[in-house]
Amino acid sequence: MGDELIRLAGAVQRGDVPGVQEWVRRCLESGFNPGDILQDGLVTGMSVVGRRFKNDEIFLPEVMIAARAMNRGLEILDPYLRGGGVQYQGKMVLGTVRGDLHDVGKNIVSILFRGAGFEVIDLGIDVSEERFVEAVRDHRPEILGLSALLTMTLGAMPSTIQTLERAGYRDGVIVMVGGAPVTEGFAREIGADGYAPDAGSAVEKAKELIGRMGKGKGEGRREGGYGGDDL
Ligand code: B1M
């Protein structure tokens, strides 16, 4: 790994916003691949933060500061992760579920989906079941993406799916779930359509599901389409 990437990972660990911004720029100038800058610089730095937090070597404020620095770095990297001239793939409504404030992974998902040709409506963090359903009603996305980082907030995933069902919008949208505590088995159990362990494979999974379900690229909605009652 290049010295610049090590410096970048170090700046994330220190929560050094100007340092992160400078090293992302320097890495880009040195010709590093944006995907490697994301993975080997920013994500590697955040993994160390996670490990140190788990071992009680650092505390919440430091973690929060590191996450902020990581997000500032992502903002710079964002345009470079969007390939030029990619084909439109469809629309995604995305958010971190109710009660959960973690957004770093969700932001990476957002960036990589946009980079792959999706229009992403990012609802942010702590998104209630009702807000997700309203966004599905208003934007008619092919994909609804739910992110959760806490075991405690996993329950908001099935309740979002149930709220979607009750409102009559479930059949019209592919529900994808992800985040560190989420597993393939959990996704199946709660009736989600897809799961991916990381943002890159989530993009591939979404394309596969859209292809399989005959959605996206103007092909129309899944059979049954959107019904939809008022919330
Ligand atoms: Co929190 N936190 N945190 N935290 N935090 C974790 C998640 C934890 C594992 C740390 C630990 O104890 N070891 C633990 C959860 C334990 C559990 O429930 N299993 C934890 C805890 C306990 C808490 C608090 C409860 C702490 C407290 O208050 N005592 C609290 C909860 C607040 C709340 O949400 N209500 C809390 C708070 C915070 C901060 C605010 C300080 C900060 C978040 C700031 C922010 O996000 N802006 C924070 C952070 C940063 C972390 C760790 C250190 C790092 C998370 C991260 O950004 N990872 C985390 C420890 C860890 O993960 N090792 C931890 C990097 C990111 C790139 O990975 O988010 O996994 P990740 O995303 C990946 C994949 O999961 C996947 O793709 C992404 C990129 O490839 N993915 C998807 C994510 N969403 C997807 C959706 C998809 C598909 C893939 O489809 C739709």
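Take residue 63 and tell me if it is in the same structural domain as residue 181 (by TED's automatic domain parsing), hydrophobic (A, V, I, L, M, F, W, C) and over 19 Å from residue 201 (Cβ atoms).
Spelling it out, it is not the case that residue 63 is in the same structural domain as residue 181 (by TED's automatic domain parsing), hydrophobic (A, V, I, L, M, F, W, C) and over 19 Å from residue 201 (Cβ atoms).
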Open item on the list: So, in the stretch 82-126, how many residues would count as being part of a loop (DSSP other than H, G, I, E, B), more than 9 Å from the ligand (Cβ to nearest atom) and at negative phi?
Closed with: 10
TODO: From the list 103, 126, pick out the single residue that is under 20 Å from residue 45 (Cα atoms), buried (at least 16 other Cβ atoms within 10 Å of the Cβ) and either modelled with pLDDT of 95 or more or touching a strand residue (DSSP E or B) at 6+ places or on another chain (Cβ under 8 Å) (or both).
DONE: 103
Task: Residue list for the stretch 185-214, restricted to those being surrounded by fewer than 16 Cβ atoms within 10 Å (Cβ to Cβ) and closer than 18 Å to residue 112 by Cα - done: 197, 198, 201, 204, 208
Open item on the list: Would you confirm whether or not the stretch 68-80 contains a residue that is more than 25 Å from residue 113 (Cα to Cα), away from the ligand (no atom under 16 Å from the Cβ) and either in a helix (DSSP H, G or I) or of a type outside the set (A, V, I, L, M, F, W, C) (or both)?
Closed with: no
- [ ] Spot the failing condition for residue 25; the list is (1) modelled with pLDDT of 95 or more; (2) closer than 19 Å to residue 106 by Cα, and only one is missed.
- [x] (2)
TODO: Of the numbered conditions (1) under 27 Å from residue 87 (Cα atoms); (2) acidic (Asp, Glu); (3) out of contact with any helix residue (DSSP H, G or I) (no Cβ under 6 Å at 6 or more places or on another chain), residue 142 fails exactly one; give the number of that condition.
DONE: (3)
TODO: State all residues of the stretch 196-231 that are aliphatic (A, V, I, L, M) and at pLDDT 50 or above; if no residue qualifies, say none.
DONE: 196, 199, 202, 203, 206, 209, 210, 213
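The values are calculated or read from the model by the stated rules, or taken from the named source; none is laboratory data. These numbers come from a predicted model, not from an experiment. Neighbour counts run over all protein chains shown; Cβ positions are idealised from the backbone, glycine included.
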